[in-house]
1. Mind listing whichever residues of segment 600-612 are touching a strand residue (DSSP E or B) at 6+ places or on another chain (Cβ under 9 Å) and closer than 16 Å to LEU581 by Cβ?
2. Return the residues of segment 84-112 that are without any contact (Cβ under 8 Å) to a residue 12 or more places away in the chain and either over 28 Å from THR13 (Cβ atoms) or part of a strand (DSSP E or B) (or both); say none if nothing qualifies.
3. Could you tell me whether SER567 is out of contact with any helix residue (DSSP H, G or I) (no Cβ under 6 Å at 6 or more places or on another chain) and within 12 Å of LYS591 (Cβ to Cβ)?
4. Can you pull out every residue in segment 193-211 that is without any contact (Cβ under 8 Å) to a residue 24 or more places away in the chain and either under 14 Å from ALA407 (Cα atoms) or of a type outside the set (Ser, Thr, Tyr) (or both)?
5. Please work out which residue is nearest to ARG408 (Cα to Cα), limiting yourself to segment 325-353 and to residues that are within 12 Å of the chain's Cα centre (by Cα) and in a loop (DSSP other than H, G, I, E, B).
6. So, of the residues in segment 216-247 that are over 19 Å from SER174 (Cβ atoms) and either modelled with pLDDT of 90 or more or under 37 Å from the mean Cα position of the chain (by Cα) (or both), which turns out to be most open to solvent (accessible area, probe 1.4 Å)?
7. Identify, please: which residue in segment 430-448 is within 18 Å of LEU380 (Cβ to Cβ) and in a strand (DSSP E or B) and is, among those, farthest from the chain's Cα centre (by Cα)?
Amino acid sequence: ACTGIENIDEAITLLEQNNWDLVAAINGVIPQENGILQSEYGGETLHGPAYGPTSHSTAASSTPSSSSAFRHVVPSRQIVERQPRMLDFRVEYRDRNVDVVLEDSSTVGDIKHILENELQIPASKMLLKGWKTGDVDDSTVLKTLHLPKNNSLYVLTPDLPPPSSSHSGALQESLNQNFMLIVTHREVQREYNLNFSGSSTIQEVKRNVYDLTSIPVRHQLWEGWPPSATDDSMTLAVSGLTFPCHRLTVGRRSSPVQTREQSEEQCTDVHMVSDSDGDDFEDATEFGVDDGEVFGVASSALRKSPMMPENAENEGDALLQFTAEFSSRYGDCHPVYFIGSLEAAFQEAFYGKARDRKLLAIYLHHDESVLTNVFCSQMLCAESIVSYLSQNFITWAWDMTKEANRARFLTMCTRHFGSVVAQTIRTQKTDQFPLFLIIMGKRSSNEVLNVIQGNTTVDELMMRLMAAMEIFSAQQQEDIKDEDEREARENVKREQDEAYRISLEADRAKREAQEREMAEQFRLEQIRKEQEEEREAIRLSLEQSLPPEPKEESTESVSKLRIRTPSGEFFERRFLASSKLQVVFDFVASKGYPWEEYKLLGTFPRRDVTQLDPNKSLLEVKLYPQETLFLEAKE
């Protein structure tokens with residue numbers, strides 16, 4: 001309407017050149033010093049709104065700069081052919097995010113094929129949601145949807161079963177049971193029969209009793225709770241109550257009501273910073289809000305469907321609807337909300353390695369607050385805020401509009417942050433919403449660094465986020481140092497354990513080698529002994545089988561042999577000349593020199609007697625009447 005540009009592709013190109021700043025894009029087309037648009041259609045002059053001081057100059061008197069600033073968008077001019085646009089998609093599925101980059105000439109089916117490979121889900125089972133233009137099919141060309149550069153989508157798989165629950169059957173059964181609590185009001189002697197589910201907390205019971213007896217929770221004096229019920233955030237299923245009926249007694253404490261100063265002192269125990277009191281907010285007209293209409297859009301048109309279903313059983317499904325509805329209301333440029341339970345968000349933000357930890361930002365939405373639309377559209381969806389949150393925070397969201405969802409979050413808040421923080425949120429007025437909680441995880445507890453209310457500005461919100469990051473960064477550096485030192489100690493311990501193990505292995509190997517060597521020596525010694533015993537037995541046997549030595553005065557022919565051993569010793573013996581040579585061999589063997597190992601040599605002439613026939617007589621082998629022989633070991 002302002003520029004006369006009817007080509008949508010050209011308009012999108014100009015907006016991208018100006019980083020999607022509408023005023024800057026219009027000022028780039030229409031000079032601020034001249035509000036008159038020139039057209040070359042028959043010399044007709046088209047008058048448009050002037051962005052700047054009113055000017056009455058004509059087309060002929062316009063400056064060269066203003067003329068050139070408008071000339072490239074006049075329809076009669078030739079437009080340079082546009083290069084294919086690249087579109088970025090951030091697709092969420094349960095606890096995963098997938099980034100997809102495609103040309104605008106691609107189709108929706110191309111996105112599904114890429115997701116099929118990434119998520120391992122058949123494309124036919126996917127429902128790709130988050131489109132601003134309504135329902136699309138797989139053949140729809142992205143260019144026809146006129147999408148911005150950055151887009152956020154999410155995948156639904158209604159035909160696939162959800163992930164299995166980790167709760168045990170017994171605990172789940174207890175959570176589904178109903179407990180009858182018979183509560184006696186001591187002062188008025190009145191009984192109340194109250195039914196609660198096993199998933200209700202002790203704190204919820206006390207708040208309900210406050211509604212019945214007008215005794216504030218902090219002034220209630222109870223009797224009958226089991227010894228195991230030590231924490232108000234504990235559910236009835238695990239508190240040890242008698243099923244199905246349990247009796248309790250409640251009365252008012254005798255101590256006076258706390259003074260305002262004591263109450264304020266107690267509240268300061270939690271490290272919290274609030275933007276302002278509820279009284280500071282007087283009117284929202286400074287934001288352009290006029291009783292239910294935001295920038296010309298009626299509130300009834302913005303709130304066609306709730307941000308989150310009431311009494312949602314699964315927090316992940318509730319947040320999927322929250323994200324889709326948020327995108328449909330405020331556009332696709334918004335924080336990436338964590339899809340999952342609050343406990344899962346804690347795990348993602350606080351319980352990884354110290355270098356990977358982040359702050360947790362909890363956004364509490366409320367449709368009935370006049371600040372909500374302004375905060376979401378101008379602050380929360382600002383590109384600088386979105387970029388800073390995505391880099392440094394895990395962002396989780398919850399809708400506080402419905403009473404059931406509000407009570408559910410307050411229960412979670414009590415369990416994770418304590419009753420003081422829950423009470424602070426409970427006392428917030430509707431017009432003080434939305435709230436932005438900045439949470440930092442510590443070793444023993446979770447600390448609320450800041451509570452930011454809806455009546456703020458982009459700069460103030462960024463300052464609060466940066467201040468929280470400074471506190472977190474200091475703590476993170478300490479955690480990284482502690483983690484590095486712990487890992488270093490563990491590495492040293494592992495190295496020592498490994499060295500000790502190697503030493504034990506070496507000692508065991510050495511001991512086993514020694515044992516093998518001793519066993520081998522023992523075996524060889526046994527063999528040697530057996531051989532010696534065998535040789536000794538043979539020697540004795542030969543010695544006993546020798547014929548008696550003839551006497552010198554014998555009448556028979558006697559041969560006297562003198563035998564020299566290898567060690568130089570001599571031994572002599574007389575033999576009958578008729579005795580066989582074998583008798584001499586047996587005699588030498590009986591002295592420890594078997595003829596298999598030694599040879600018997602003669603001197604003159606030198607000959608090997610052991611080579612002679614042992615059955616011949618000494619006379620036949622010429623060892624008569626006397627002879628000197630010597631022993632020599634065989635090679």
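The values are calculated or read from the model by the stated rules, or taken from the named source; none is laboratory data. Since the model is a prediction, treat every value here as computed from it, not as a measurement. Cβ: placed from backbone, ideal geometry, glycine included. Neighbour counts: every protein chain shown. Surface accessibility is based on the protein's heavy atoms, side chains included, excluding ligands, DNA and RNA. Shrake-Rupley method; radii C 1.70, N 1.55, O 1.52, S 1.80 Å.
1. LEU600, LEU601, GLY602, ARG607, ASP608, VAL609, THR610, GLN611
2. Hit for segment 84-112 is ASP99, nothing else.
3. Taking the combined requirement at face value, the residue satisfies it.
4. Of everything in segment 193-211, those that are without any contact (Cβ under 8 Å) to a residue 24 or more places away in the chain and either under 14 Å from ALA407 (Cα atoms) or of a type outside the set (Ser, Thr, Tyr) (or both) turn out to be ASN193, LEU194, ASN195, ARG207, ASN208, ASP211.
5. It comes out as TYR351.
6. Initially, segment 216-247 is screened for residues over 19 Å from SER174 (Cβ atoms), giving 216-224, 247.
Keeping just the survivors that are either modelled with pLDDT of 90 or more or under 37 Å from the mean Cα position of the chain (by Cα) (or both) gives 220-224, 247.
Details: GLN220: 6, LEU221: 72, TRP222: 39, GLU223: 105, GLY224: 42, ARG247: 145 Å².
Here the residue is ARG247.
7. In this case the residue turns out to be LEU435.
Yes/no matrix, rows are residues, columns are (1) farther than 30 Å from PHE436 by Cβ; (2) in contact with a strand residue (DSSP E or B) (Cβ under 6 Å, 6 or more places away or on another chain); (3) assigned by the TED database to the domain that holds SER390:
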| site | (1), (2), (3) |
| --- | --- |
| MET469 | no, no, yes |
| PHE472 | no, yes, yes |
| ARG489 | yes, no, no |
| ALA499 | yes, no, no |
| LYS510 | yes, no, no |
| ILE527 | yes, no, no |
